[in-house]
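The block underneath contains the structure these notes are about, expressed in structure tokens.
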Amino acid sequence: MTPLKWFFSFLKKYRALMFLGLFLTTIIAALSIVNPYLSGIIVDDVVLAGNYSLLPKLIVCLLGVTVFTGILRFLYQLVFETASQGLLYDMRSKVYRKFLDEDFDFYNKKRTGALMSRQTGDMDAIRHFMAYDIYAVYQNILLFFFALLMLFTISSKLALCMLAVLPFTALATFMQSKEVKPAFQRNRECFSSLNAFVQENISGNRVVKAFAKESFEKEKFQAENDRFRDAQIKGSRVWMKYVPIFEILSYALTVILMLYGGYMVILGEITLGGLVRANGYLWMLNSPLRMAGWWVNDIQNFMTSVEKIFATYSEEPKVKSPVSELSESAETLPNGSFVSAAENVGAEKGSSAAAPLCPGTAEAIPGKQKKRTAARHQTDIYAAPLVHQHTRLHGDIEFRDVSYSADDTDIVKNINFKVKAGQKIGIIGSTGSGKSTLMNLLCRFYDTTSGQVLVDGKDVRELDLYDLRDSIGVAMQDVFLFSDTIEGNIAYGRPECSFDQVKHAAIMADANHFISALPEGYDTIVGERGVGLSGGQKQRISLARALLKDPSVLILDDTTSAVDMETESYIQGQLKTVKQDCTVFIIAYRISSIRDADQILVMDNGHIIEHGTHEELVAANGYYANAFRNQYGEIPYELMNTAKKTLIS
């Protein structure tokens with residue numbers, strides 16, 4: 001599919017409005033020839049002939065046409081603006097949904113600011129084309145040909161003389177369109193780069209201040225700003241070069257009319273009223289010529305924006321759900337949103353993907369819960385995210401000869417291990433050894449290069465992505481909190497839960513005491529990415545969010561690295577109360593976080609170099625034992641002796 005075909009796929013829905021708008025535009029263009037025609041009659045039949053009784057009627061006609069044209073102009077502008085906003089709403093929604101469907105690899109290669117510019121600046125260029133350029137170009141083309149037709153009724157020789165400028169106009173328009181497109185492409189690229197730079201610096205403002213790099217970042221911004229300014233100026237110079245040409249051509253029409261038209265009046269070939277009529281039509285010829293340069297710019301800007309949005313939209317995710325696309329069974333709702341067939345079925349049956357810790361129902365929501373839901377989803381039910389009927393997984397995990405490479409670099413190699421549902425697995429190793437990558441492969445954020453990741457005996461590539469990920473709770477290493485209340489952040493995975501369940505999850509994560517101490521408690525709005533909270537507080541909120549989900553598989557990726565030992569010990573104790581059939585993966589550098597695990601995997605350079613229980617690994621006197629010594633000093637004799645006996649037995 002080409003970018004333009006993709007654009008027209010959105011336009012189909014608004015064809016009726018567009019045709020109505022073009023019909024109104026045609027009427028307005030036709031009415032534009034009336035007033036100059038009446039002006040000619042006033043000169044010939046009233047002023048020169050002395051028939052003054054016609055004057056009141058002609059003036060009423062002039063005023064009536066003017067008022068009627070004004071009303072129609074308001075209506076067609078309203079029609080085009082409505083169509084443009086509707087099309088933009090649909091396009092922005094579809095592109096945003098596609099962004100949510102993209103995998104990690106997509107976001108690893110794209111800058112946030114560049115994606116934002118697709119949804120803002122490029123979308124606005126499309127809106128401008130829809131709301132203004134379409135009717136303006138169409139109207140001025142009609143005006144030009146209607147005026148030309150009327151000039152032929154006055155004098156064919158005069159009309160042909162005025163047509164002499166048309167080839168020059170066409171040539172100038174063609175040359176400008178060839179030059180302006182590369183300039184606009186460069187302009188949009190520089191805008192995206194500037195947008196991305198500003199977004200990164202605002203997000204990373206604490207790092208900038210911590211390293212006192214304000215002056216350095218100001219210089220970098222100045223360089224980006226200069227590039228954008230230069231691109232703008234370069235693009236402006238293109239149309240600035242051609243605007244005088246179009247102006248000269250339009251004034252040439254005036255010169256031709258005054259000289260040759262006046263000469264024809266003197267010779268008696270046309271009347272003075274005919275010359276007045278021709279002068280009245282002159283603006284209808286001038287306007288398209290003078291505006292041609294601007295329209296070429298706008299159209300090329302529109303084309304560039306469509307191409308950029310489509311290029312981003314058309315990138316297919318490498319990680320896809322094996323089931324049929326939800327959009328195929330989706331129904332379009334009155335406001336242009338979509339709802340899946342599964343959602344309709346769930347609504348009819350009143351079903352819900354309930355978890356024991358958070359048994360969601362379709363019944364009335366308590367006041368505090370309803371407040372949270374309204375704050376988190378400030379839209380109508382039709383604009384809510386798709387609701388899927390999830391199949392809860394049991395939690396048996398197996399990695400079978402798993403390898404993963406990225407950018408021709410091996411990240412993990414030949415990984416093999418099995419985990420039974422309900423077991424606790426600890427993963428430890430050096431930085432960059434592939435610990436988090438294993439969990440990314442389990443969640444299918446990436447697909448394996450070779451081998452299989454099995455959940456309940458099925459390859460994760462055969463499982464529905466929503467079922468898989470809904471059954472996994474993740475407290476990520478890089479904590480992200482939304483600009484929402486603390487309660488809303490904790491309940492993100494289960495927005496139907498009650499406040500008591502949110503509070504219980506916070507207690508398990510040892511977060512309730514500091515949340516309650518805040519002035520507004522659970523209703524406290526946290527800043528973007530959790531600004532205003534300490535690293536440990538953010539980690540505990542993230543842990544509470546994962547626990548509230550009550551998943552079949554719980555992944556804690558270095559979740560307690562920013563908390564003190566006492567808090568970590570409390571959290572470890574609370575994790576023991578998690579339901580017995582929940583499989584838990586704990587990635588940590590502290591041995592205290594994983595020593596009571598049923599199985600510990602030790603990773604280095606993408607390989608599992610050791611595995612076993614805490615006692616077995618200490619007795620093996622390898623990497624794990626060295627890590628133990630580094631954190632606790634020498635291994636006690638009693639522990640070593642016990643470990644050896646365990647290993648022998």
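The values are calculated or read from the model by the stated rules, or taken from the named source; none is laboratory data. A quick note: this is a predicted structure, and the numbers were derived from the prediction, not measured. We place every Cβ from the backbone using ideal geometry, glycine too, and count neighbours over all the protein chains shown. Please note that ligands, DNA and RNA were not included when accessible areas were found on the heavy atoms of the full protein model with its side chains. Shrake-Rupley method; radii C 1.70, N 1.55, O 1.52, S 1.80 Å.
Given a 1.4 angstrom probe, I'd like the percentage of the accessible area of the chain that is carbon and sulfur, rounded to a whole number.
In the chain, the share of accessible area belonging to carbon and sulfur is 60 percent.
Filter the chain for me: DSSP H helices, axial length by Cα at least 18 angstrom, mean Kyte-Doolittle hydropathy not below -1.0. List them by residue number.
Going by DSSP H runs, the hits are 15-31, 54-101, 134-154, 166-203, 214-256, 272-313, 535-548.
Give me the percent of DSSP beta bridges within the chain that run antiparallel, rounded to the nearest 5.
Close to 55 percent.
Tell me the mean residue ellipticity at 222 nm calculated for the chain from its helices only (DSSP H runs of n ≥ 4, each -39500 (n - 2.57), averaged over every residue, nearest 500).
Mean residue ellipticity at 222 nm (helix-derived): -19000 deg cm²/dmol.
How far apart, in nm, are two points set 7 Å out from the Cα along the Cα-to-Cβ line at residue 116 and at residue 572?
My value for the distance between the label points is 4.2 nm.
What's the extension gain from residue 279 to residue 77 if we count 0.36 nm per residue and subtract their Cα-Cα distance?
Roughly 70.0 nm would be gained on extension.
With the contact rule set at Cα under 8 Å and sequence spacing of 6 or more, what percent relative contact order holds for the stretch 584-637?
Normalised by residue count, the contact order of the stretch 584-637 is 24 percent.
For residue 632 and residue 108, FRET efficiency with R0 = 45 Å and r from the beta-carbon atoms, rounded to 0.05?
Step by step, r from the Cβ atoms, then E = 0.75.
Does a label point 7 Å from the Cα of residue 314, set along Cα-to-beta-carbon, have any residues of the stretch 1-29 with amide nitrogen under 12 Å, and which are they?
1-7, by backbone N distance to the label point.
What percentages make up the Cα-Cα pair-distance distribution of the stretch 1-52 when the bins are 5 Å wide from 0?
Pairs per bin, as whole percents: 5, 17, 12, 11, 10, 9, 8, 7, 6, 5, 5, 4, 2, 0.
Using a/c under 1.5 as the rounded threshold, could you call the stretch 121-191 rounded, prolate or oblate? The axes a ≥ b ≥ c are square roots of the C-alpha gyration tensor eigenvalues, and prolate needs a/b larger than b/c, oblate otherwise.
oblate
For the stretch 481-528, which GluC sites (Glu not before Pro) are in a loop by DSSP, counting at most 12 other Cβ atoms within 10 Å?
520
R0 = 56 Å: FRET efficiency of residue 210 with residue 15, Cβ-based, nearest 0.05?
So the FRET efficiency works out to roughly 0.50.
Taking 0.36 nm per intervening residue step and subtracting the Cα-Cα distance, what contour gain separates residue 200 from residue 391 on full extension?
So the chain would gain 64.9 nm between residue 200 and residue 391.
Is the stretch 225-327 rounded, prolate or oblate when judged by the Cα gyration tensor, a ≥ b ≥ c being the square roots of its eigenvalues, rounded requiring a/c under 1.5 and prolate requiring a/b larger than b/c?
The shape class here is oblate.
Below 8 Å between Cα atoms, with a sequence gap of 6+, how large is the relative contact order for the stretch 448-553 in percent?
So the answer I get is 40 percent.
Over all alpha-carbon pairs in the stretch 109-227, figure out the percentage whose distance exceeds 16 Å.
Above the 16 Å cut-off, the stretch 109-227 has 76 percent of its Cα pairs.
For the pair residue 47 and residue 141, what calculated FRET efficiency results from E = 1/(1 + (r/R0)^6), where r is the Cβ-Cβ distance and R0 = 41 Å, to the nearest 0.05?
Efficiency, rounded to the nearest 0.05: 0.75.
What whole-number value in cubic angstrom gives the convex hull volume per residue for the C-alpha atoms of the chain?
That works out to 210 Å³ per residue.
Going highest first, how would you order 401-407, 128-134 by mean Cβ packing within 10 Å?
In descending order of packing, they fall as 128-134, 401-407.
Under 8 Å for C-alpha pairs, at least 6 residues apart: give me the relative contact order for the chain, rounded to a whole percent.
The normalised contact order for the chain reaches 13 percent.
Highest mean first, what order results for 435-441, 2-8 on Cβ atoms within 10 Å?
Packing proxy ranking, top to bottom: 435-441, 2-8.
With respect to the cross-link table entries 5/94; 178/220; 209/435; 418/503, which display a Cα-Cα separation exceeding 23 Å?
178/220; 209/435; 418/503
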